[in-house]
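The block underneath contains the structure these notes are about, expressed in structure tokens.
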Amino acid sequence: MHRPIVVLAVSALVACGGAQEDGGTAAAAANDPAATHAARLAENLGGREAWDRTRYLSFRWIVERDGEVVANREHSWDRYDGRYRVAWAEDGTSHLLLFNVNEVEPHPELEKVPSGRAWVAGEELAGAARDSALRRGYGAFINDTYWAIMPYKWEDPGVHLTYEGTRTLSDGRVYDVIHLGFDQGLGVTEDQYWGFLDASGRMVAWQYHLGRAEAPGDVIWWSDWEPVGDIRFAMTRLLDGGGRFIYFEDVAAGETVPEGRFDPPTF
């Protein structure tokens, strides 16, 4: 899978669609500490049913480096039918893409390209330029949504959880550690993630090891948890040691899709 070249690349494929099956979860949790922790995490986030009811999700994904905003992308997602909208400005030029994350085809040069349309500076693209723009937008979807909702993806098909005991982090507190691995063909399968949970079951930090890296990266804190619709959302990602790194604004979640949100633009 393409690694988006923003500050950090997140590669686990974000599963699309609405409600998921969770039959057998309770039985599995009784014998598997990782499943037990996953169930507690889900409840801390508002419950699986609340997440399944959340059809619409939107947010602004912002990256700040050395006090300067280096990325600011606006996302809207209809999780039930796959409609997606992502927009940003680059060097004063507007970019707007509308595509479907459930309709992605192999491409001879760009790996995967979703079905959709793209506009740059108000002009609709066609042919190779359109495909390249859509590929970039799809990469932003994969990267940015995983930064946004990774705790909701623990029980997706193809994700394997392992309880690794406890670890003391830089704040001096002890946290339960869950390792996440992935089936072959799901995202970049050599990548690995660790989620750190506090006593309440909330995920307070993550760490990941990109497959091509020599060692795992820094611990990154997930903070400023707030209720959004019927779920809970962490608004800030901080590098271990301080300094704002990635944060979210204009976050919305609900059971209905705002009228016209995925309509083509009229310039």
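The values are calculated or read from the model by the stated rules, or taken from the named source; none is laboratory data. Worth saying up front: this structure is predicted, and the values here are computed from it rather than measured. As a convention, Cβ positions derive from the backbone with ideal geometry for all residues, glycine included, and neighbour counts pool all protein chains shown. Just the protein is used for accessible areas: all its heavy atoms, side chains included, with ligands, DNA and RNA removed. Shrake-Rupley method; radii C 1.70, N 1.55, O 1.52, S 1.80 Å.
Listed values, structure above:
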{"read-out": "Pick from the range 171-220, criterion within 14 Å of residue 240 (Cα to Cα) and open to solvent by 40 Å² or more (accessible area, probe 1.4 Å), ranking: modelled with the lowest pLDDT", "value": "216"}
{"read-out": "Members of the range 87-135 found to be surrounded by 16 or more Cβ atoms within 10 Å (Cβ to Cβ), of a type outside the set (Phe, Trp, Tyr) and farther than 19 Å from residue 145 by Cα, listed by number", "value": "110, 117, 118, 120, 125, 130, 131, 132"}
{"read-out": "Pairs where the first residue, in the range 198-215, is over 15 Å from residue 174 (Cβ atoms) and part of a loop (DSSP other than H, G, I, E, B) and the second is among the hydroxyl-bearing types (Ser, Thr, Tyr) and at pLDDT below 95, C-beta under 9 Å, 6+ apart", "value": "210/11; 211/11; 211/189"}
{"read-out": "Residue that is nearest to residue 243 (Cα to Cα) [pool: residues in the range 65-86 that are among the acidic types (Asp, Glu) and loosely packed, with under 13 Cβ neighbours inside 10 Å]", "value": "66"}
{"read-out": "In the range 136-167, the residues that are open to solvent by less than 10 Å² (accessible area, probe 1.4 Å) and of a type in the set (A, V, I, L, M)", "value": "140, 142, 148, 149, 150"}
{"read-out": "Condition check for residue 119: in contact (Cβ under 8 Å) with a residue 60 or more places away in the chain and touching a Leu at 6+ places or on another chain (Cβ under 7 Å)", "value": "yes"}
{"read-out": "Selection count where residues are closer than 26 Å to residue 81 by Cβ, touching a Lys or Arg at 6+ places or on another chain (Cβ under 7 Å), open to solvent by 40 Å² or more (accessible area, probe 1.4 Å) and not acidic (Asp, Glu), scope the range 221-255", "value": "0"}
